[in-house]
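The values are calculated or read from the model by the stated rules, or taken from the named source; none is laboratory data. Computed from a predicted structure; not experimentally measured. Ideal geometry is used to build each Cβ from the backbone, glycine not excepted, and the neighbour counts take in all protein chains shown.
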Amino acid sequence: MSITFSDVRRWHRPLLVMVAAMACLVVVAGVGLVVDDRELLDGSIWAKPFKFAVSFVLYGATLAWMLPQLRRARRTMWTLGTVFAVTGLVDVAFIAIQAARGTYSHFNNNTDTFNQVGQQIFASGVIGLFGASVVIAVMLLFQRVGERALTWSLRAGIGLAALGMGVAFHIAGSSEGSRTVEDAYGRPVTLGGAHGVGAPDGAGMPITNWSTQGGDLRVPHFIGLHAIQVFVLALVLLTALATRVAWLRSERVRAQLTGVVILGYTGVFVITAWQAYRGQSLVHPDAATWTAFGATVAVTALLAVLTVAAARRRVPGGGRHALRRRDLALRAG
């Protein structure tokens, strides 16, 4: 699973262009966080562009690498990747421009022409991003990419990303009605929605700004969107360890352990979504949330232990020592 420069040259180029643009925005927004003291709802105007840019760099780079690996419907996949790239650029550009203007990109119901046109494009973009991800997820069900563990990592990752994007459709309906707030210059702005459930948007957790007072649908949205990176990184780690751990050299074992990671992570996604919809802050879980989380951890850990134990039994000596003895035998032969 190593990547060379020649491999990168074969990645999906429109997505790479999007990733490069988002990387530039990360720098610009990062500077803005430091030098620009304008605020929206007690947070820097550049916080949202920064977070979106980082997110699209991670997700876009993953798609740019993944799509050329697919063997079926290559043109369709290339087209879907291009749709995602163009839509992502337009949507995040609107977010960045609104931030530079000192006003809101999400839920902004003000009647100035730029905002009204931008809101229509922005809403259409969300559908485009979600639709492209859903179709890619469905098409992944009918083809295999590399070993089984990688195939299931990509399938589950894209599937959870689509569900995470689906949460975004419920964000606008999570508020308790429209409200009037001030932009960075003190001018009134009418917001027709919010990220929170049971509490208005405002100052929250550091960096993410997730609500500490009520539910926040951005939590499961984020967790779902970046599932694919977690799954692929877990597989990369298992593959790297396989050079030293004999029982990890089995493709079946790596697939099983990757499945355990997928199961546990999916449980976390479901729990945080359930928590948010109940109007409960991520940092103030109740007994029901703790119970669900504890059960998820226990089941995940038990499955991991059982998988490792079974794998070690199939390899005499169970690990590094067996691998070392086998290497010595090969050299002697």
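For the range 138-156, enumerate the residues that are at pLDDT below 80 and either of a type in the set (Asp, Glu) or buried (at least 18 other Cβ atoms within 10 Å of the Cβ) (or both).
Once the filter is applied, which keeps residues that are at pLDDT below 80 and either of a type in the set (Asp, Glu) or buried (at least 18 other Cβ atoms within 10 Å of the Cβ) (or both), the range 138-156 yields only Leu140.
Out of curiosity, is Thr291 at pLDDT 95 or above, surrounded by 13 or more Cβ atoms within 10 Å (Cβ to Cβ) and polar (S, T, N, Q)? Show your work before the answer.
On the way: at pLDDT 95 or above: yes; surrounded by 13 or more Cβ atoms within 10 Å (Cβ to Cβ): no; polar (S, T, N, Q): yes.
So Thr291 fails the test.
Whether any residue in the range 249-259 is among the polar types (S, T, N, Q), part of a helix (DSSP H, G or I) and surrounded by 19 or more Cβ atoms within 10 Å (Cβ to Cβ) is what I want to check.
So far as the range 249-259 goes, yes, one or more of its residues are among the polar types (S, T, N, Q), part of a helix (DSSP H, G or I) and surrounded by 19 or more Cβ atoms within 10 Å (Cβ to Cβ).
Before we move on, is Arg38 of a type in the set (Lys, Arg) and under 20 Å from Gly157 (Cβ atoms)?
Judged against the criteria, Arg38 is not a match.
Hey, can you tell me all the residues within the range 5-44 that are surrounded by fewer than 19 Cβ atoms within 10 Å (Cβ to Cβ) and among the polar types (S, T, N, Q)?
Residue satisfying the conditions is Ser6 alone.
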